[in-house]
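Notes for the one structure printed next.
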Amino acid sequence: MKNKGFTIIELIVVIAVISVLMILASNLLITVLFGSNQQFLAMTNVDQAVTVSTKFTNDLRNATNGVDGSFPLYLADVNQIIFYSNAGVIGTTSNRIRYYLSGTTLYRGVVTPTGTPLTYNLSSEVIKPVQTDVVSGTNPIFTYFNGDYVGTGSALVQPVNINNIKYTKMTLVILKKTTADSSSTFSVSAGGVIRNLKTNLGN
């Protein structure tokens, strides 16, 4: 009478088959989870870029003279802009606001005036990253226009005379990040008129 059961060879085959199935299932799960994560990153980048552009426009439209009498615009470069704004400020003071690109990250720096009389201590600047995965290339992030700009036309040529600026546009080119090695991008543009300087421009 023969003993019933699995032979060693049969056990090895069963274990091998189960192992292969587990590996396939694990790879499938990893792929699904990774793909979902990449889609989440892509959506986050889009949402963040829209938020940043909205914040920038609000800051810029509320640009005003500094507490020390400085002109509303301090610096107007292709990858950096500095101005004074009372956006979100309680009272009549204004903060010194700086947007600038470093590497692939856009930062926002804020200096709140202190002391008597009020002054801007640059060492107290609070800097926060506001947008990552910015594609820096030949196209400027910040472009500037004079009072003749009505939605179309050429930007002012650098170096820009800040006294001629009436409208400023920020254009962010961001990696979509739909896949880990994706190089596809999307673009978000937002423009703003400095209300205290506008002439014939709308809001």
Query - Per-residue ³J(HN,Hα) for segment 52-69, Karplus 6.51 cos²θ - 1.76 cosθ + 1.60, θ = phi - 60°, Hz, x for Gly and Pro - result: 5, 5, 5, 5, 4, 4, 5, 4, 5, 4, 9, 5, 8, 5, x, 5, 9, x
**Report entry** Simple label model, 7 Å out from Cα along Cβ direction - Thr119 to Met22, nm
**Finding:** 7.0 nm
Report task. Apply the Karplus parameterisation 6.51 cos²θ - 1.76 cosθ + 1.60, with θ equal to phi minus 60°, to every residue of segment 87-100 and state each ³J(HN,Hα) to the nearest whole Hz, in sequence, with x for glycine and proline. Result -> 4, x, 9, 8, x, 9, 7, 9, 8, 8, 10, 10, 10, 8
Query raised in the report: Tell me, in nm to one decimal, what length is gained between Val110 and Asn65 on full extension, where the rule is 0.36 nm per residue of separation less the Cα-Cα distance?
Result: 14.7 nm
Query raised in the report: Cα gyration tensor of segment 54-203, axes a ≥ b ≥ c as square roots of the eigenvalues: rounded (a/c below 1.5), prolate (a/b > b/c) or oblate?
Result: oblate
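Rank these for me by crowding, Phe56, Phe142, going from fewest to most other beta carbons within 10 Å. Don't jump to the answer; show the numbers that get you there.
Values: Phe56 25, Phe142 21.
Fewest-to-most Cβ neighbours within 10 Å comes out as Phe142, Phe56.
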Query raised in the report: Residue by residue through segment 138-146, which ³J(HN,Hα) values in whole Hz follow from phi under the Karplus form 6.51 cos²θ - 1.76 cosθ + 1.60 (θ = phi - 60°), with glycine and proline marked x?
Result: 7, 7, x, 6, 10, 10, 10, 9, 8
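FYI, it's all coordinate maths here, none of it is from the lab. None of the values given here were measured: they were computed from a predicted structure. No Cβ is skipped: glycine too gets one built from the backbone with ideal geometry, and neighbour counts run over all protein chains shown.
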